[in-house]
1. In this structure, is residue B:266 buried (at least 24 other Cβ atoms within 10 Å of the Cβ) and polar (S, T, N, Q)?
2. Need a quick list: helices (runs of 4 or more DSSP H) entirely within segment B:179-255 having at least 1 residues that are within 14 Å of chain A (Cβ to nearest Cβ).
3. Across segment A:241-250, which residue is nearest to the other protein chains (Cβ to nearest Cβ) among those that are touching a residue at least 12 places away in the same chain (Cβ under 8 Å) and small (Gly, Ala, Ser)?
4. Out of the residues in segment A:190-235 meeting the condition of being within 17 Å of residue A:394 (Cβ to Cβ) and surrounded by fewer than 24 Cβ atoms within 10 Å (Cβ to Cβ), tell me which one is farthest from the ligand (Cβ to nearest atom).
5. Among what's in segment A:251-276 and is farther than 24 Å from residue A:422 by Cα and of a type outside the set (A, V, I, L, M, F, W, C), pick the residue that is farthest from the other protein chains (Cβ to nearest Cβ).
6. Cβ contacts < 7 Å: first residue near the ligand (Cβ under 9 Å from one of its atoms), restricted to segment A:310-322; second residue among the charged types (D, E, K, R) and assigned to a helix (DSSP H, G or I), any location; separation 6+ or different chain. Result?
7. Keeping to segment B:287-311, report how many residues are away from chain A (no Cβ under 14 Å) and part of a loop (DSSP other than H, G, I, E, B).
8. Residue check, residue B:384 against (1) within 30 Å of residue B:280 (Cβ to Cβ); (2) in contact with a Ser or Thr (Cβ under 7 Å, 6 or more places away or on another chain), all met but one. Which one?
Amino acid sequence: MSDWYRDFANSGFGTTITRNLGLPRPAVLRRYEPGQPLLPGPAVVGSAGEGRLRDAVTELLRAEGVHVQSPVTADGATDGEKPAAVILDATGLRTPADLASAHDFLSPAVKRLRATGRVLILADPPSDAASPAQAAARQALDGLVRSIAKELRNGSTANLVHVPEGAEGSIASPVRFFLSGRSAYVDGQVMSVAAADIPAAADDERPLAGKVAVVTGAARGIGAAIAKVMARDGAHVVAVDIPAAGDTLAEVANEIGGTALQLDITADDAPQRLIEHLRERHGGADVVVHNAGITRDKLLVNMDAARWNSVMAVNLQAQLDITQALLDAEGVLKPDARVVCVSSQSGIAGNRGQTNYAASKAGVIGMVRAWAPTFAERGATINAVAPGFIVTEMTAKMPFGTREVGSRINSLQQGGLPVDVAETIAWLSQPGSAGVNGQTVRVCGQSMLGA
Amino acid sequence: MAAPTRPTPARRAAIVGGNRIPFARSNSAYAQASNQDMLTATIDGLVARFGLQGKQLGEVVAGAVLKHARDFNLTRESVLGSRLSATTPAYDVQQACGTGLEAAILVANKIALGQIESGIAGGVDTTSDAPLAVSDDLRRVLIGLNNAKTVQDRLKALGRIRPGMIAPEIPRNAEPRTGLAMGEHAAITAKEWQIGREEQDELAVASHRNMAAAYDRGFFDDLVTPFLGLSRDNNLRPESSVEKLATLKPVFGRGEGATMTAGNSTPLTDGASTVLLGSDEWAAENGLPVLAHLVDAQTAAVDYVHGGEGLLMAPVYAMPVMLARNGLSLQDFDFYEIHEAFASTVLSSLKAWEDEDFCKTRLGLDRPLGSIDRSKLNVNGSSLAAGHPFAATGGRIVAQLAKQLHEAGPGKRGLISVCAAGGQGVVAILES
Ligand SMILES: NC(=O)c1ccc[n+]([C@@H]2O[C@H](COP(=O)([O-])OP(=O)(O)OC[C@H]3O[C@@H](n4cnc5c(N)ncnc54)[C@H](O)[C@@H]3O)[C@@H](O)[C@H]2O)c1
């Protein structure tokens, strides 16, 4: 799906016009492609106070072949190339006064950040703070990073990862994700990692090699993109969709060397049939992506039971039932399984005409949070992604005005692509992402809705 | 009749699964689709279901009853257009309505003999995109025109065309040797066996209801892949009833005794089906299920032109031969799949097997084969509901029966009976 406005704004003529009229100029985002280096340029790593992650991050970057520059002060000499990433280790924060050093590091570094750059802050969670002052300092970073994300231009993003004491070993996967092109449309977000057994680094190009990944709603849209990205990353994809979508489902499966399973996930025997299929054909599943979803919009006062029930059945109850059945079935869900549930921005912000849809999608967020400890016990994880405005066949049918506004009201000034959601899900599915559990990651370009 | 007992084969071919496109009534959803389009799409659906992308299989065997000249290498061309490896060999077969089942038998036999490890059997037919032939006279003129060297010769050749030559010959569902439509032949047999109107209508209603229920419970979810906007057979009438069918006028047979209507006869249909077969070892190596094995098969032919037997009665003759060879009685089965070319055909066959005199004099048996438990007949619907794209019916039945047997558990037995034009019949035994 082309973004005519973005393309226009980036053309020679369009640049002049949009600049003169003061119109937004959405950038061409840096998206992941196999073989791409982690960053298109050097990185600067700094710290506020005595951070405990700075060395580990520096080492990780060097191992990825990234040149790590030393920080520059506001008036200091510039050190070679413009950085492609600015990383702040804020684990040393004790009081709000320490935030001054965060400012001192970030201000000149972010000023020099190149297009499609990344700002990443690593900090302790405020909830673990030793004092109100420390909690205040840590919480202050939320406002800081979200504001930086809004100030950045040219497709650059800023995100914050909370790393509690003891979870240091879990940071490689999220750090890589947030710096890479895989997180192109994830912006202004705050998420947490936890301590976990992290397997030795897998093949970077094919992190899902040898894995069996189930993707529901895979016949088109975001689901088809998820299936493709999973297959690109090495997984065998079991592509699931309703029987009536079987022809396009078969095309997706054939394109990626996966298999097609025609199944209505709301059928009474759907969990059982899925389990039997996985047992018989694949010896179980490593990854399950609950992506299938529907909308049946109406204002609450006009909404009939059928609309309410069908949305709940597909978007929430089926995810619950299938996940529970997989947990109960002996030997089907692999011990280090990854379950990723597709929620929505509507589930966070609410949306007029979508009481049913927003309720179902908010329910998903509660579900993954509640299930996370159970999954952690098995060495598995369950997370959600909440897409914002994603350009699909569905949104292409929206009225022009609604679509234009919907796609521009975010810090990246454009709609995301199905592949952006897919990359985030594929990242959560990686063995190395064991420390990310119970989270809801928004893929919304820092949408103004529900921010 | 003393049939020789059968040498135990080295191994039996496994039926792994199947795929078909929904069947469509002639000149409806698939009016613009060719045999090759439908067969290719059907193979691709099978490839997706079983993850066969880029794989080289032992052989793909399929056929069509109505073929264009361009369809001369139909199956191989379909394989080349599919996601299978281009190094998968293929050939065409044609045994009228027996084509699909015969294709499965051929693939299974090669697997049993160890000549191949895996294969696809299939069939396709379109009565919408049927080949139109020109009359023999016009064809001779056109060949002459093509051979003409000079402009004068060409004009001379063209001058020989007469208006009468222009009307195309549309292929008809009629027997070349009798000129009778297949339905007319069936009507003769129906009369002979005194098959009543109501029992035919009841069989038709059961077929529609059974198949609709099977769709509703998801039975066809892993047997059918949608095509050109259809996700169920568009001939299917779930709300069909004996009362409604009773209002239809007979279309075959004449006068008082005419019982065969459009409701209890299959309509002309477009569609395609495929079945994946393999050795048990091949299935295991590829992580694929074994639904059932093909145990045995038998063909027979009757002389319907001079011999006084009904055109569609050949399976009745094939059955006792196959049963004797396997030491089985007609009652030793959990499921019966008798192709519903016409409701009356199914009922005539069943009556013939129950008839002492017929079984003695025609089939050479001491005793009649007897009756079957009708609740085991065509339990998920058959051709009256789905329609009958000639060569595609066998594959539909084999895959459907194999799945029924698998669902019922190990050690279950199913029987297939398919009648075909030209007075032929094919029967087979599957076992889970
Ligand atoms: N497109 C967006 O902007 C957006 C934003 C937020 C969230 N989402 C969510 O992302 C997911 C995918 O959305 P999309 O835009 O690709 O939608 P889509 O309608 O293009 O695709 C959804 C797929 O799910 C399948 N499906 C529906 N019900 C099913 C059932 N009962 N069983 C099996 N499959 C079923 C559909 O057949 C379809 O192929 C949904 O959960 C949606 O709510 C989308």
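The values are calculated or read from the model by the stated rules, or taken from the named source; none is laboratory data. As the structure is a computational prediction, the values presented were derived from the model and not from experiment. All Cβ positions, glycine included, derive from the backbone under ideal geometry; neighbour counts span all protein chains shown.
1. yes
2. Answer list for segment B:179-255: B:197-216.
3. Looking only at segment A:241-250, we keep the residues that are touching a residue at least 12 places away in the same chain (Cβ under 8 Å), and these are A:241-243, A:245-246, A:248-249.
Then drop every residue that is not small (Gly, Ala, Ser), which leaves A:245-246.
On the way: A:245: 7, A:246: 4 Å.
My answer is A:246.
4. A:220
5. Within segment A:251-276, the match that is farthest from the other protein chains (Cβ to nearest Cβ) is A:272.
6. If the second residue must be among the charged types (D, E, K, R) and assigned to a helix (DSSP H, G or I), the pairs left are A:315/A:361.
7. 10
8. All conditions are met except number (1).
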